[in-house]
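Bear in mind these aren't lab numbers, they're just calculated from the coordinates by the rules spelled out. This structure is a prediction, so every number in the text was calculated from the model and none was measured. Using ideal geometry, Cβ is built from the backbone for each residue, glycine included, and neighbour counts are taken over all protein chains shown.
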Amino acid sequence: MYIAEVETSQFSDLCTLCKISSNFILQTIIIPAYNAEAWLDECLKSIYLQDFPGTLEVSIYNDSSTDGTDNLIQQWKSKLEDRGINIIVGGHNSPRPRGVGYAKNQAIRQSSGRYLCFLDADDVMMPQRVRLQYEAAAHLPQNIVGCRVRREPPEATERYTRWINSLTPEQLLTQVFTSHGPTVIMPTWFCSREWFCYVGQFVEDGQGTPEDLLFFYEHLRKGGAVHRVDECLLQYRYHEHAATHSVSEETIWNSRVKFLEERVLQHWPSFTIWNAGKQGRKLYRSLTPANREKVVSFCDVDSKKICKGFYTHEESEDLTGGGLEENLQSLNLKEGVDYYHFN
């Protein structure tokens, strides 16, 4: 779906969460862990195999796991320390986990690295990840640096994986309203601790909260940029127990619409919705009354709808085989100026 307009630093002091210790640790790998026994061995092995030549630290926060997560952490502690990699382990034994946002914040709080490399306990890094992302982040102090990924299993979410890997540098910012998450996925994030603290910590509302998306939006509000290292540096695992499945489609949709209204629609006196299907109508209904009044038309390239002159919600389809994209190009409209993609 597209919407189109009709008419065409300085950082704050480090917060308490992010105080750096007197020890000079250059990188900290941040891992929140909850019942990760099935994947954690492979995850920690990928840290052991990193080819980064500088000082490296791993900060794991165990969010009240009930499986063998803690035993695996302890088994790897001595191996990583023998490799010269410092490891800090925190956690709690409350009856319930407190959520990914809380676990990430705790892992950051107990760490001391000047750069933060985020990693989920069910994912695997390529050996050159820390080195290549550090080289990029060192020159981009206000950026979240991501990378390309390989999905595991390969057939999972093929369309989404293709999208995140093929975005142009410009689309990393123009298509921030498009998907269920940031244009660089959370397990690939790499940034300076100072910038993280300037943006602020993750929301700690627990299960069902898209803490990564909310942080990403705040990052953009504060003038942050996005960069992707165009190499595959992470195996991004898909499975039924992933925390992302606890976040409802409606929660993510509402967050995206609110950010779209804030960043784009409040500055447009009027606009069209280039989709006369289900998603176009849903977007219209989700807007504030003031923004609904700005909608002057719905556009579509589906000949069945155009010839009919009207359509019903039940008959509409969203897939147009690239027709909308071709139309936009033929009109010489510029993404991020004349139109934005919302899908």
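A few comments on the model shown:
- The coefficient of translational diffusion for the range 16-248, derived via Stokes-Einstein from the alpha carbon Kirkwood radius under 37 °C and 0.692 mPa s, stands at 186 µm²/s.
- Karplus-derived HN-Hα couplings along the range 184-192 (A = 6.51, B = -1.76, C = 1.60, θ = phi - 60°), whole Hz, x at Gly and Pro: 10, 5, 3, x, 9, 5, 8, 7, 6
- Between Arg281 and Glu326, the simple spin-label model (points 7 angstrom out along Cα→Cβ) gives 2.6 nm.
- Charge tally in the Cβ shell below 13 Å around Arg292, where Lys, Arg are +1 and Asp, Glu are -1, Arg292 excluded: +2
- Each residue of the range 27-42 is assigned a 3J(HN,Hα), and the resulting list reads 10, 10, 8, 9, 10, x, 10, 9, 6, 9, 3, 5, 10, 5, 4, 5 Hz, derived from the Karplus form 6.51 cos²θ - 1.76 cosθ + 1.60 (θ = phi - 60°), x at Gly and Pro.
- Tail beyond 20 Å, pair distance distribution of the range 72-170 (Cα, percent): 56
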